[in-house]
């Protein structure tokens, strides 16, 4: 079995962790559990753990995207006669699709909020933008130097914004603060280049250096995340009605008067990436080594490999189903019910992927369009 199977399974684990973090949020007593920890059952506590580590989960997506991009470029250059520039342009349609999906989900969740809708719509838009930037730097003559400079600029920008307590939508504020998170993709790309050049030795060295830097940074009292503020227009009513009212207001239809409220979001701190990149590299090494052997080709491995290979589809699929459950009011009310929901979402997604692999024509192409092309 190819060691890249380990990368797919790492990606699958990240997606499943995000599914858990999203599923607990629609549990009927979620807010109550946050305010009353003594009322949490064992199942609730297991679920809420993923809320606490959510900043790491989102960082995983960016890290894996950067690493995958280097593999994509290397594979294309070895198997086709196209140039690096054409490879970059070939990513554009799928990255644009990824960005548009993010915008659509933002509207479904928050309605029309400007400028957030276009510059801070969520993790999917950050992935699209960071992949475009990373791809552009990978085709430069000195990609490692270019990516390192980009990390330094982004980190310093994030630090200045934190120290001045400045919140800028699209950078560090809003539902999708891109600064400094996009640097996680740059770091993943550097790790990928080292893997291409030095194979496992490159991963071992990167993990060792990264973990050493992480241990040094943990000794600092600097926070892992920071609180940023954003202004939102609040439309009253059920979720569907509120979204419809926001669209009417944006179009100037009717006399709706929304309430302007201050929304608080967490954002990764400038030191966060240095604390986690080494650990993520180490986990990547473990996965790639653990699944490098053909003897590990079990049914569970194959399912996880498919989930990771088509992680974007699974991610979109679970958001759609959770949205339907929230709108209809059919929500889990206990921790064990939420865990059953998580298992059902993963298995349903895996089943659809399996059906896709056995089909052809329009259905197969439709699902393929959600693959960002980084395998």
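The values are calculated or read from the model by the stated rules, or taken from the named source; none is laboratory data. None of the values given here were measured: they were computed from a predicted structure. Don't worry about glycine lacking a Cβ; one is built from the backbone with ideal geometry, like all the others, and counts go over all protein chains shown.
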(Q) What's the total number of residues in the stretch 193-237 that are without any contact (Cβ under 8 Å) to a residue 60 or more places away in the chain and farther than 24 Å from residue 55 by Cβ? (A) 10
Q: Output the residue which, of all residues in the stretch 315-338 that are outside any helix (DSSP H, G or I) and touching a residue at least 60 places away in the same chain (Cβ under 8 Å), is farthest from residue 40 (Cα to Cα).
A: 331
Q: Of the conditions (1) under 17 Å from the mean Cα position of the chain (by Cα); (2) surrounded by 15 or more Cβ atoms within 10 Å (Cβ to Cβ); (3) more than 20 Å from residue 320 (Cβ to Cβ), residue 52 clears all except one; give me its number.
A: (2)
**Q.** Which numbered condition residue 162 fails, given (1) touching a helix residue (DSSP H, G or I) at 6+ places or on another chain (Cβ under 9 Å); (2) part of a helix (DSSP H, G or I); (3) touching a residue at least 40 places away in the same chain (Cβ under 8 Å); (4) closer than 30 Å to residue 140 by Cβ
**A.** (1)
**Q.** Count - residues of the stretch 235-278 that are crowded, with 20+ Cβ neighbours inside 10 Å and either assigned to a strand (DSSP E or B) or on the phi > 0 side of the Ramachandran plot (or both)
**A.** 2
**Q.** Given (1) surrounded by fewer than 23 Cβ atoms within 10 Å (Cβ to Cβ); (2) in contact with a strand residue (DSSP E or B) (Cβ under 6 Å, 6 or more places away or on another chain); (3) on the phi > 0 side of the Ramachandran plot, index of the condition residue 167 fails
**A.** (3)
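From the list 349, 335, exactly one residue is closer than 30 Å to residue 67 by Cβ, in contact with a helix residue (DSSP H, G or I) (Cβ under 6 Å, 6 or more places away or on another chain), modelled with pLDDT under 95 and surrounded by 14 or more Cβ atoms within 10 Å (Cβ to Cβ). Which is it?
Numbers: 335 fails: closer than 30 Å to residue 67 by Cβ.
349 is the lone residue from the list that is closer than 30 Å to residue 67 by Cβ, in contact with a helix residue (DSSP H, G or I) (Cβ under 6 Å, 6 or more places away or on another chain), modelled with pLDDT under 95 and surrounded by 14 or more Cβ atoms within 10 Å (Cβ to Cβ).
From the list 341, 312, exactly one residue is modelled with pLDDT of 90 or more, at negative phi, in a helix (DSSP H, G or I) and out of contact with any strand residue (DSSP E or B) (no Cβ under 9 Å at 6 or more places or on another chain). Which is it? First the steps, then the outcome.
Working: 312 fails: modelled with pLDDT of 90 or more.
Exactly one residue qualifies, and that residue is 341.
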**Q.** Verdict on residue 145 being touching a helix residue (DSSP H, G or I) at 6+ places or on another chain (Cβ under 6 Å), in a helix (DSSP H, G or I), at pLDDT 95 or above and surrounded by fewer than 24 Cβ atoms within 10 Å (Cβ to Cβ)
**A.** no
Q) Any residue in the stretch 205-220 that is touching a strand residue (DSSP E or B) at 6+ places or on another chain (Cβ under 8 Å) and either part of a strand (DSSP E or B) or surrounded by fewer than 16 Cβ atoms within 10 Å (Cβ to Cβ) (or both)? A) no
Q: Please give the helices (runs of 4 or more DSSP H) falling wholly within the stretch 1-120 in which 1 or more residues are free of Cβ contacts under 8 Å to residues at least 40 places away in the same chain and more than 24 Å from residue 343 (Cα to Cα).
A: 30-35, 54-79, 84-110, 116-119
